[in-house]
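Scroll down for the structure; my scribbles are underneath it.
The values are calculated or read from the model by the stated rules, or taken from the named source; none is laboratory data. Values in this document were obtained by computation on a predicted structure and should not be read as measured data. Please note: Cβ atoms are built from the backbone with ideal geometry, for glycine as well, and neighbour counts cover all protein chains shown. Quick note on the areas: whole protein, heavy atoms, side chains included, nothing else; ligands and nucleic acids left out. Shrake-Rupley method; radii C 1.70, N 1.55, O 1.52, S 1.80 Å.
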Amino acid sequence: MTEIIVVTSGKGGVGKTTSSASIANGLAKRGKKVAVIDFDVGLRNLDLIMGCERRVVYDFVNVVQGEATLRQALIKDKRFENLFVLAASQTRDKDALTMEGVEKVLKELAEEGFEYVICDSPAGIEKGAYLAMYFADRAVVVVNPEVSSVRDSDRILGLLASKTRKAESGGRVTEHLLLTRYSPERVEAGEMMSIADVEEVLGLKAIGVIPESAEVLSASNSGVPVILAEDAKAGQAYDDAVARLLGEDRPMRFTSADKKGFFSKLFGS
């Protein structure tokens, strides 16, 4: 059975596409057959982070509008043979996506035996974001630990509870909180909300806490999802989050500030 997971947030720039790519790779690494779809029509970035931008011939809109088949548009990942990317269009308007078209694509992916479909949502509440979440079974809500991001994500939770197919049929999308760009040092300095603060405001437990790291940008720029950078703390944190998505119990890492030793305190480094 195919499980549809939307990666969403209220605010832009919080790391949704980075998270979508890492979750998709983490699932594929565990042997799952995965498709990841970029719903951000006009502003596609997923193909860059996945390292397949030069191989895009047909895109999501082409399939929705019957201009190409799903098999023509799916790009097979070079690292995992069970991972495929469906890129967004850079030249179309967001209105090119339709409810019927998106449903058709998701049904075809199910028929092709995909176990997971990751929907990389645009920020906010416009049409692309609505269609990305409408058919979801689960939602990963990506949040930076600062007030505006948390507030905007609270609105997204309201939409997930009322404007999805599951909600319309009396059910509920299973929601997960993913905290990104977390800095324990800034939390201790009172410059950033703590994990407990965010969990309390949103009423969700964090499935993962991704530390603030230059490694994320470096990996994205090289077309390698950071989860594959096994020495990177952010990569390890994403791997933990994927494990928890699959029901594994793992302790949270990288959530406490490093304790300075005597000489570090003495010399200020």
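Compute a Gaussian network model of the chain, connecting alpha carbons closer than 10 Å, and tell me which residue from ILE37, ILE195, ILE156 fluctuates the most. Among ILE37, ILE195, ILE156, the largest mean-square fluctuation in the Gaussian network model of the chain belongs to ILE195.
Based on alpha carbons, the Rg and Dmax found for segment 123-269 are 17.3, 62 Å.
For helix 147-162, report the angle its Cα long axis makes with the longest principal axis of the Cα atoms of the chain; keep it between 0 and 90° and round to the nearest 10°. Tilt of helix 147-162: around 40 degrees.
Evaluated at 10 °C with a viscosity of 1.306 mPa s, what Stokes-Einstein diffusion coefficient in µm²/s does segment 18-97 have when Rh comes from the Kirkwood expression over alpha-carbon pairs?
Values: Rh = 12.6 Å.
Stokes-Einstein gives a translational diffusion coefficient of 126 µm²/s.
Once backbone amide H atoms are built at 1.01 Å from N, ASN144 has THR180 as its partners under 5 Å, excluding neighbours fewer than 5 places away on the same chain.
Local charge sum around MET50 (other residues, Cβ-Cβ under 12 Å, Lys/Arg +1, Asp/Glu -1)? Write out the running numbers ahead of the final one.
Numbers: positive: ARG44, ARG54, ARG55, LYS76, LYS78, ARG79; negative: ASP38, ASP47, GLU53, ASP77, ASP120.
Residues close to MET50 contribute a combined charge of +1.
For the chain, the longest principal axis of the C-alpha atoms and the axis of helix 99-111 are separated by about 80°.
Would you mind checking the tilt of helix 16-29 against the longest principal axis of the Cα atoms of the chain, expressed as 0 to 90 degrees and rounded to 10? Value to nearest ten degrees: 80. Considering helices alone, the calculated mean residue ellipticity of the chain at 222 nm is -11000 deg cm²/dmol, with DSSP H runs of length four and up weighted by -39500 (n - 2.57) and normalised per residue. Calculated FRET efficiency, LYS205 to GLU230, Cβ-Cβ distance, R0 = 22 Å: about 0.25 to the nearest 0.05. Accessible area per residue for segment 34-105 is 47 Å², calculated with a 1.4 Å probe on protein heavy atoms, without ligands, DNA or RNA. Think of segment 98-237 as having a plus end and a minus end, set by charges on the Cβ of Lys, Arg, Asp and Glu; of ALA196, GLY170, THR180, GLY170 sits farthest toward the positive end of this dipole.
If you place +1 on the Cβ of every Lys and Arg, -1 on the Cβ of every Asp and Glu, and leave all else neutral, what size is the dipole of segment 5-68 about its Cα centre, to the nearest 20 Debye? Let's see the in-between values first.
Details: 9 positive and 6 negative charges, 85 e Å.
Value, rounded to 20: 400 debye.
Accessible surface of GLU67, taken over heavy atoms with a 1.4 Å probe and every protein chain present, rounds to 90 Å².
About the Cα centre of segment 102-154, how large is the charge dipole given +1 on each Lys and Arg Cβ and -1 on each Asp and Glu Cβ? Please answer in debye to the nearest 20.
Values: 5 positive and 11 negative charges, 30 e Å.
For segment 102-154, the charge dipole is close to 140 debye.
Volume of the convex hull of segment 1-142 (Cα atoms only), normalised per residue: 93 Å³.
Taking the Cα centre of the chain as origin, sum charge times position over the Cβ atoms of Lys and Arg (+1) and Asp and Glu (-1), and report the length of that vector in debye to the nearest 20. Present the calculation step by step, with values, prior to reporting the outcome.
On the way: 35 positive and 40 negative charges, 50 e Å.
Dipole about the Cα centre, nearest 20: 240 debye.
Got a number for carbon plus sulfur as a percent of the chain's accessible area, 1.4 Å probe?
Working: 6090 of 12380 Å².
Roughly 49 percent of what the probe reaches on the chain is carbon or sulfur.
For segment 62-166, the spread of Cα coordinates along the three principal axes comes to 42, 31, 29 Å, biggest extent given first. Here is the tail figure for the chain: Cα pairs spaced more than 33 Å apart come to 18 percent of all pairs. When you restrict to C-alpha pairs under 8 Å that are six or more residues apart and normalise by the size of the chain, the relative contact order lands at 24 percent. Take the Cα of ALA214, step 7 Å toward its Cβ, do the same at GLU146, and the gap between the two points is 1.9 nm. The string of couplings for segment 59-68 from the Karplus curve (6.51, -1.76, 1.60, θ = phi - 60°) is 10, 4, 5, 4, 6, 4, 8, x, 8, 7 Hz, one whole number per residue in order, with x for Gly and Pro. Among residues other than ARG30 with Cβ under 15 Å from its Cβ, the summed charge is -2 (Lys and Arg +1, Asp and Glu -1). Rounded if a/c is under 1.5, else prolate if a/b beats b/c, else oblate: with a ≥ b ≥ c from the C-alpha gyration tensor eigenvalues square-rooted, which is segment 154-208? Cα axes put segment 154-208 in the prolate bin. Using C-alpha pairs under 8 Å with a sequence gap of at least 6, the mean separation divided by the residue count of segment 106-186 gives a relative contact order of 31 percent.
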